[in-house]
Amino acid sequence: APAVCIYDGACVLAQLRDARKILQKNHRMQQHANGALKQLAFLPFYHVFGLFAVYFWFSYFSRTIVFVRDLSPAVLCGTAQLHGVSHIFAVPLLWHETERLFLRQLHQMPPAQQKNFWRIHSFSLWLQQLFPYAGATVARMLFRSVNNRLFGNTVRFCISGGSYIRPSALRLFNGLGYPLHNGYGLTEAGITSVELTARPKRRLCGAVGMPFASVHYSIAKDGTLTVQGDAVCKEILHDGMRMQTNKSIQTGDIAYFDGKGYFIRGRQCDTVITESGENISPDAIEPLFALPDARALS
């Protein structure tokens, strides 16, 4: 049966107060485009990512939220271009589907043009690594014609969250001048971290950053992550029973810390155990079965 997470005002306030340190760590989060900061409302507000990261954050700061007629790629891209969207927070589905459609179009181009695109793309990432802010501006200039067929040239900050995002998608969009950051959160605690590094190298490896000020991460011996702190919901209603969280949630997500930030490797209940005893997440296996040139499967 579905569960309902109950947040009080203190939990919501903790999420909003996290914004201060987020903005201090990455100035691009508050960067305007053409004098405005506009968020594309891809995520529904009953989704915890959409509720906290889009509705509460952007409403609190009195910024514009742009709604779409439907979630088709053509409408999403067209709406972002028409209204000059500057921020896009979405689940990996959006980035993966846009990447798939873009690569399909790219593969139809002559091999020489494809090679030239990837050469400039690699140069863009190299330049952004040296000069993260100026490099992103140059990237948008280099790929102006390409971006005009995607989300336009006004996008300044993007977050992917909710599940695993492919490294190829992170690399593609960051190279195009769309700073795409990987984040982490859960229904019981809202948004708890995002990789905020300005230079792309760290973002491309799929890190989810350090926990926000309102929460604390700890990793158990079995590799699973526990989230504690003020942002965690107060109660969970499940099967007619009200359960106190005591501000601590055992997520069941397998995580590791490399000294600079955290990575999420999948969920414990989804892990595949191989004959050698190695634990592998299905998220890491899925790209091996990708069929980029397939139009439909029956």
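The values are calculated or read from the model by the stated rules, or taken from the named source; none is laboratory data. Being a predicted model, the structure only gives us computed values, none of them experimental. Every residue, glycine as well, gets a Cβ built from its backbone with ideal geometry; the counts of neighbours run over all protein chains shown. Calculation scope for accessible area: heavy atoms of the full protein, side chains included, ligands and nucleic acids excluded. Shrake-Rupley method; radii C 1.70, N 1.55, O 1.52, S 1.80 Å.
Points to keep in mind about this one:
- Segment Phe257-Ala112, length gained on full extension (0.36 nm per residue, minus Cα span): 48.1 nm
- Using a Förster distance of 45 Å, the FRET efficiency for Asn148-Asp8 (Cβ separation, nearest 0.05): 0.50
- Computed extension gain for Phe45 through Ser122, at 0.36 nm per residue and net of the alpha carbon distance, reaches 24.1 nm.
- Accessible-area composition of the chain, carbon plus sulfur, in percent [1.4 Å probe]: 57
- Calculated FRET efficiency for the pair His238/Lys25, C-beta based, R₀ 41 Å, to 0.05: 0.70
- Evaluating 6.51 cos²θ - 1.76 cosθ + 1.60 at θ = phi - 60° for every residue in segment 119-129, the Karplus couplings come out as 5, 5, 4, 5, 4, 4, 5, 4, 5, 5, 5 Hz, glycine and proline recorded as x.
- Taking label points 7 Å from Cα along the Cα-to-Cβ direction, Arg17 and Asn34 give a separation of 3.8 nm.
- Long-range amide H partners of Asp18 with built H, under 5 Å: none
- Counting heavy atoms of the protein chains alone, Ile236 has an accessible area of about 30 Å² for a 1.4 Å probe.
- Using a cut-off of 26 Å between Cα atoms, the listed pairs Lys38/Lys247; Lys21/Lys221; Lys221/Lys247 include Lys38/Lys247; Lys21/Lys221 as exceeding that distance.
- The listed residues Trp118, Trp126, Trp95 rank as Trp126, Trp118, Trp95 when sorted by accessible area, largest first, using a 1.4 Å probe.
- Helix-derived mean residue ellipticity, 222 nm - over the chain, DSSP H n ≥ 4, -39500 (n - 2.57), to 500: -9500 deg cm²/dmol
- Segment 160-221 and segment 229-245: distance between their alpha carbon centers, rounded to Å: 25
- Degrees separating the helix 92-107 axis from the principal Cα axis of the chain, which is the longest one: 20
- Probe 1.4 Å - accessible area at Glu188, Å² to nearest ten: 50
- Close amide H partners of Leu37, meaning residues 5 or more places away or on another chain with modelled amide H under 5 Å apart, are Thr64.
- Whole-number accessible area per residue in Å² for segment 22-78, which is evaluated in the context of all protein chains at 1.4 Å: 53
- Label positions at Ser168 and Ser218, each projected 7 Å from the Cα along the C-beta direction, are separated by 4.0 nm.
- Across the chain, the mean sequence separation of Cα contacts (distance under 8 Å, 6 or more residues apart), normalised by length, yields a relative contact order of 19 percent.
- Ranking by accessible area, most exposed first, for Leu51, Leu37 with a 1.4 Å probe: Leu51, Leu37
- Accessible area ranking (1.4 Å probe, heavy atoms, ligands and nucleic acids excluded), largest first, for Asp8, Asp239: Asp239, Asp8.
- Table column - 3J(HN,Hα) (Hz), segment 167-179, Karplus curve with 6.51, -1.76, 1.60, x for Gly and Pro: x, 5, 5, 4, 5, 4, 5, 5, x, 6, x, 9, x
- Long-range amide H partners of Asp253 with built H, under 5 Å: Leu225, Gln268
- Rounded FRET efficiency, nearest 0.05, which uses the C-beta distance separating Ser72 from Leu103 and R0 of 22 Å: 0.75
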